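Here the structure is laid out as structure tokens; the discussion comes afterwards.
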Amino acid sequence: DVDGDNTQTTAYNNMAKYDSINVFNLETFKQRNDIPELSKRTLTKNPTQRVGVYLQDLIAITGQLKLLVGARYSYLDRQNVVYTYPTSSAVASTTTTNNYDDAITPRFGLIYQPIPTTSLFASYANSFNLNSGIDINSNPLPPSFVDQYEIGEKNELFKGLLSANVTAYQIVNSNFTQAVIIPTGNPNNIPANAQELAGEVTSKGIEVDVMTKAFRGFSVIAGYSYNETRYTRSNIFIEGSLLRYNPQHTANMSIYYQLPAQSRWRNWSAGITLFYTGDRVAGRSTRLTVANDAFRLMRIPNFTQVDATLSYVHQKISVRMRISNLFDTLSYYVHDDNSVNPIAPRMASVTLGFKL
């Protein structure tokens with residue numbers, strides 16, 4: 001595969017002061033209401049070209065044992081072109097740097113099927129990921145290597161009526177990137193989209209999912225996930241501290257019921273779905289580089305959301321009624337320091353459908 005892209009970032013000089021206001025007497029100063037024009041400082045272009053070749057083979061060692069072997073060669077060619085705009089004391093200038101990265105990343109998998117309804121598997125995969133961001137000096141970030149380990153079991157039970165799967169995993173990211181926290185006033189003119197390498201991050205977890213086929217009108221889909229993601233090596237944050245915004249426990253369950261075909265209500269079906277989101281941490285991770293750092297992590301409490309549906313289907317016509325967040329639960333999604341959003345309140349909707 002071959003692809004390419006080109007990102008472009010403009011950095012502006014900061015404005016020291018926009019206006020002065022006396023809140024007790026607005027007549028003290030003449031009030032501004034214009035939109036200020038910031039002068040451009042630099043224009044950074046990052047053209048990137050990628051080339052990859054992937055080979056894979058699934059080898060049947062025996063009737064029950066299979067081996068998956070694969071490898072990928074990746075080549076990255078990145079250019080960093082920084083144009084500095086002229087000022088009253090300096091002429092315009094352009095600096096260009098080239099970065100070349102390549103890697104061979106392997107993949108292995110083992111599948112063992114002791115009986116037709118049960119499969120055991122183990123796998124390892126290494127990937128070479130391009131970090132598309134720039135650092136505080138508008139230079140491209142080096143790539144990350146990700147090691148992923150998985151073991152698990154898949155089962156088909158009760159003649160296919162029930163499927164149950166369990167997977168345990170560990171993912172290690174050698175160069176985890178995150179947005180740079182820009183100081184108030186941005187005295188060093190750091191690009192607004194600048195990122196930094198925070199160190200090695202390790203994610204461990206287990207996933208369980210269960211699904212049934214329709215039995216006496218009922219069908220169930222359920223899942224549970226446990227995940228713990230921490231900094232395992234960092235020169236910025238305390239090793240062992242949790243990564244922000246990731247819930248350790250999540251779960252879901254959906255139960256659907258289709259009324260019997262011989263019933264006068266046979267066109268109706270109903271369902272209920274529960275979503276559980278566990279405790280998360282938000283705020284800011286404590287930094288090693290700042291003495292008596294005031295940054296702290298704070299816990300966001302868990303919540304459960306319940307949705308209900310009622311459906312009617314007759315020949316080509318369907319009507320689906322849904323109530324989301326049935327009990328009007330209040331909680332929050334936290335994405336970053338500047339994005340805290342409440343979950344949607346109770347909401348009802350009706351969908352009409354017609355098949356041609």
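Of the residues making up the range 22-56, those that are in a strand (DSSP E or B) and among the aromatic types (Phe, Trp, Tyr) number 1. Quick check on the range 215-263: of everything there that is surrounded by fewer than 16 Cβ atoms within 10 Å (Cβ to Cβ) and charged (D, E, K, R), which residue is nearest to Tyr276 (Cα to Cα)? By that ranking, first place goes to Glu228.
State which residue is farthest from the chain's Cα centre (by Cα) when the search covers only the range 295-326 and only residues that are among the hydrophobic types (A, V, I, L, M, F, W, C) and over 30 Å from Lys355 (Cα atoms). Only one residue fits best here, namely Phe295. Evaluated against (1) more than 30 Å from Phe215 (Cα to Cα); (2) modelled with pLDDT of 95 or more, Thr277 falls short on exactly one condition, (1).
When the test is whether a residue is of a type outside the set (A, V, I, L, M, F, W, C), crowded, with 16+ Cβ neighbours inside 10 Å, over 23 Å from Leu141 (Cβ atoms) and at pLDDT 95 or above, Thr212 does not pass it.
Here are Thr250, Thr289: which of them is farther than 18 Å from Pro342 by Cβ, out of contact with any Phe, Trp or Tyr (no Cβ under 7 Å at 6 or more places or on another chain) and β-branched (Val, Ile, Thr)?
Thr289
Flag: Thr229 does not match the condition of being among the β-branched types (Val, Ile, Thr) and part of a loop (DSSP other than H, G, I, E, B). Has the range 73-92 got any residue that is aliphatic (A, V, I, L, M) and in contact (Cβ under 8 Å) with a residue 40 or more places away in the chain? Yes, the conditions are met somewhere in the range 73-92.
Among strands (runs of 3 or more DSSP E) entirely within the range 57-171, having at least 2 residues that are within 27 Å of Tyr224 (Cβ to Cβ) singles out 93-115, 118-129, 144-157. Considered as a group, the residues in the range 112-130 that are surrounded by fewer than 17 Cβ atoms within 10 Å (Cβ to Cβ), without any contact (Cβ under 8 Å) to a residue 40 or more places away in the chain and within 18 Å of Thr167 (Cα to Cα) include one that is nearest to the chain's Cα centre (by Cα), and that residue is Tyr124. When the range 246-294 is limited to residues that are within 28 Å of Ala222 (Cβ to Cβ) and charged (D, E, K, R), the one that is nearest to the chain's Cα centre (by Cα) turns out to be Arg280. For the range 14-34, the set of residues classified as exposed (fewer than 10 other Cβ atoms within 10 Å of the Cβ), farther than 30 Å from Ile190 by Cα and among the aliphatic types (A, V, I, L, M) consists of Val23 only.
Among the residues in the range 295-316, are any free of Cβ contacts under 8 Å to residues at least 40 places away in the same chain, basic (Lys, Arg), under 16 Å from Ser254 (Cβ atoms) and touching a Ser or Thr at 6+ places or on another chain (Cβ under 9 Å)? Within the range 295-316, none of the residues are free of Cβ contacts under 8 Å to residues at least 40 places away in the same chain, basic (Lys, Arg), under 16 Å from Ser254 (Cβ atoms) and touching a Ser or Thr at 6+ places or on another chain (Cβ under 9 Å). When Ser20 is tested against (1) over 30 Å from Pro116 (Cβ atoms); (2) touching a residue at least 12 places away in the same chain (Cβ under 8 Å); (3) among the small types (Gly, Ala, Ser), only condition (2) is not met. Met15 versus (1) modelled with pLDDT of 80 or more; (2) under 26 Å from Val82 (Cβ atoms): which is the lone unmet condition? Of (1) modelled with pLDDT of 80 or more; (2) under 26 Å from Val82 (Cβ atoms), only one is false for Met15: (1). Within the range 327-338, the only residue that satisfies the criterion of being surrounded by fewer than 11 Cβ atoms within 10 Å (Cβ to Cβ) and either modelled with pLDDT under 85 or within 16 Å of the chain's Cα centre (by Cα) (or both) is Asn338.
Flag: Thr62 does not match the condition of being of a type in the set (Val, Ile, Thr), over 19 Å from Ile104 (Cβ atoms) and either in contact (Cβ under 8 Å) with a residue 40 or more places away in the chain or surrounded by 10 or more Cβ atoms within 10 Å (Cβ to Cβ) (or both).
The values are calculated or read from the model by the stated rules, or taken from the named source; none is laboratory data. Bear in mind that the values here come from a model prediction, so they are computed numbers and not experimental data. In this analysis, Cβ positions are derived from the backbone assuming ideal geometry, glycine residues included, and neighbour counts consider all displayed protein chains.
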